[in-house]
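J.: Mind looking over this structure? Questions follow.
The values are calculated or read from the model by the stated rules, or taken from the named source; none is laboratory data. Note that this is a predicted model, so its numbers are computed, not measured. Cβ sites come from the backbone with ideal geometry, for glycine too, and all protein chains shown count toward neighbours. Ligands, DNA and RNA are excluded from the accessible area calculation, which covers all protein heavy atoms including side chains. Shrake-Rupley method; radii C 1.70, N 1.55, O 1.52, S 1.80 Å.
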Amino acid sequence: MTARCQACGRPIESGGGPGRTASYCSQACRQRAYRERRRPAGVPARELVSDLGDRLTRLRLEPALAFQADVEALSPRFAQLRRLAREAREAAESVTPADVTKSGEDDTLTALIEAHHRELRVHCYRLLGSYDEAEDLTQETFLRAWRARETLDGVDNPRAWLYKIATHLSLDFLRKQNRRPTRYEPVPGMDSGDGPPPPRVPWLQPFPDDQLPEAPAPEHEPDEQAVASETLELVFLTAIQQLPARQRAAVILRDVAGWSAQETAELMDTSVPSANSAVQRGRSALRQALPGRREDWSATAPSAEDLALLQRYMDAAAQADIDAMVELVREDMVLTMPPNPFWFTSRDAMFAFVRPNLDPASPMFAGHWRHLPVRANGQLAVAGYLRRPGTSVFRAQLIDVLRVEESRIAQITTFEPHLFPAFGLPMTL
């Protein structure tokens, strides 16, 4: 039987000899597990329990639909609490002796990884557009750092050291993949609407807001017409994926992560003029790829009106009220479904396609829906569960990330359900 790492889940290569099977695939994963066991117990759990307690006191028992919506909104929090309990149990079942680490550079690197894990994962995500790949390359970054830990004492800026490793790993990955966004093509037998085909980024995935870094990027002066440090919206991710890899890295390092021109050049192993040239060309291309002014597409904190719109959207789907759903969507809305080839650039075309699947009287009726509100890429989003006819369980089906304009849904990006656990969501209701 192939053993799997208790920290990352990857297969562990075995030499085939006698003795105890290894529990971790690398020293970095062993350190990760050790660090998790040393984390003060109960702090995240207490925060979740407190939040759940507050939410429970605000439950609306009437009307019935409001009661149902409030209870379902608790599900992600309960899922996170279950995940914490499961991790605590697994840690207790696989205790490693306390002397697994050494003092000195080991402890220093462990603290460094802990401090910068989230921002490096977001950095890789912006470069790659994929949550799964960003997670893999972040782990690879720490593995590379662990192998070179004896050089850490001579590093003036450990954060820059990690960024350099992550950036070069991402550039190497992009060089090997050699992928660029295309445009959606007509699907035979399907009316996609009259609008121009949108960019197609098959590898694009959502990013959970609760995994964003707690501290903002350093103060800097970006080209405000191009990007700003909070950019994680899908429109921005789609646009920046169209840049060549080195231009993409230069813009993200300079304008998003906040590194100076000199630092950006050092992180990319190039000269300052070369780095500045890449930044300028990348900014120019990005301005052309982004749709108009930043305020026309960027995500902001959701207003009460936005949240009410989201609730009406979920209620209409749960009640199979197609006419109500139509009223919530702009006529020129755009829907894409990476990595699938389906796309729509008008409300009429989209609902002509989905109406038979939503109508209980239709022979093509897919089943009953429930949605839970989530936050992804700084935008409103819902996780959709489908109970198919003749079954009793709602199963994870999709994550819809929404962009709202003028109190209507202007864009829907529909993702497959395998990232539900990353959002702290159960796969069934």
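J.: How large is the accessible surface of Tyr163 in square angstrom, using a 1.4 angstrom probe and rounding to the nearest 10?
T.: 10 Å²
J.: Using packing as a proxy for protection, rank 353-362, 324-333, 169-178 so that the peptide with the highest average count of other Cβ atoms within 10 Å comes first.
T.: 324-333, 169-178, 353-362
J.: Restricting to Cα pairs below 8 Å that are 6+ residues apart, what does the relative contact order work out to for region 291-429? Please round to a whole percent.
T.: Once normalised by length, the contact order is 22 percent.
J.: Which FRET efficiency value, to the nearest 0.05, is calculated for Ser271 and His168 with the Förster distance at 22 angstrom and r the Cβ-Cβ distance?
T.: Working: r = 16 Å, r/R0 = 0.75.
According to the calculation, E is roughly 0.85.
J.: Right, another one. Roughly what would the spin-label model give for Glu214 and Phe78, points 7 Å off Cα along C-beta, in nm?
T.: Output for this residue pair reads 2.8 nm.
J.: Moving on. From a point 7 Å beyond the Cα of Asn357 in the direction of its Cβ, which residues of region 330-345 have a backbone N at a distance under 17 Å?
T.: 334-345
J.: Please compute the length gained on full extension between Ala261 and Ala115, using 0.36 nm multiplied by the number of residues separating them and subtracting their Cα-Cα distance.
T.: Length difference between fully extended and current span is 50.2 nm.
J.: For region 295-429, compute the orientation-averaged projected area of the C-alpha convex hull (one quarter of its surface), in nm².
T.: Numbers: hull surface 32.8 nm².
Here the figure is 8.2 nm², rounded to one decimal.
J.: Let me ask something else about it. At 1.4 Å probe size, with the rest of the protein present, what percent of the exposed accessible area of region 305-411 is carbon and sulfur atoms?
T.: Working: 2390 of 4670 Å².
Roughly 51 percent of what the probe reaches on region 305-411 is carbon or sulfur.
J.: Short version: ³J(HN,Hα) in whole Hz for each residue of region 151-157, in order, from phi by Karplus 6.51 cos²θ - 1.76 cosθ + 1.60 (θ = phi - 60°), x for Gly and Pro, what are they?
T.: 8, 5, 4, x, 8, 6, 10
J.: Next question. Which distance in nm do the two modelled labels at Ala301 and Glu62 give, with both placed 7 Å along the Cα-to-Cβ direction?
T.: Label at Ala301, label at Glu62, 3.4 nm between them.
J.: Go through region 325-334 residue by residue and turn each phi into a ³J(HN,Hα) via Karplus (6.51, -1.76, 1.60, θ = phi - 60°); whole Hz please, and just put x for glycine and proline.
T.: 5, 4, 5, 8, 10, 5, 5, 9, 4, 10
J.: Non-local amide H neighbours of Glu405 (under 5 Å, H modeled in plane, Pro and chain starts lacking H): which ones?
T.: Ala410
J.: Next question, about the same structure. What ³J(HN,Hα) values, in whole Hz, does the Karplus curve 6.51 cos²θ - 1.76 cosθ + 1.60 give for region 405-410 when θ = phi - 60°, with x put for Gly and Pro?
T.: Using θ = phi - 60°, the values come out as 10, 6, 6, 9, 6, 9 Hz.
J.: While we're here: For a quick check: with amide H placed at 1.01 Å from N, whose amide H comes under 5 Å from Gly193's, ignoring anything fewer than 5 positions away on the same chain?
T.: Distant-sequence amide H within range of Gly193: Thr345.
J.: Please compute the modelled spin-label separation between Gln280 and Arg180, points set 7 Å along Cα→Cβ, answer in nm with one decimal.
T.: 2.2 nm
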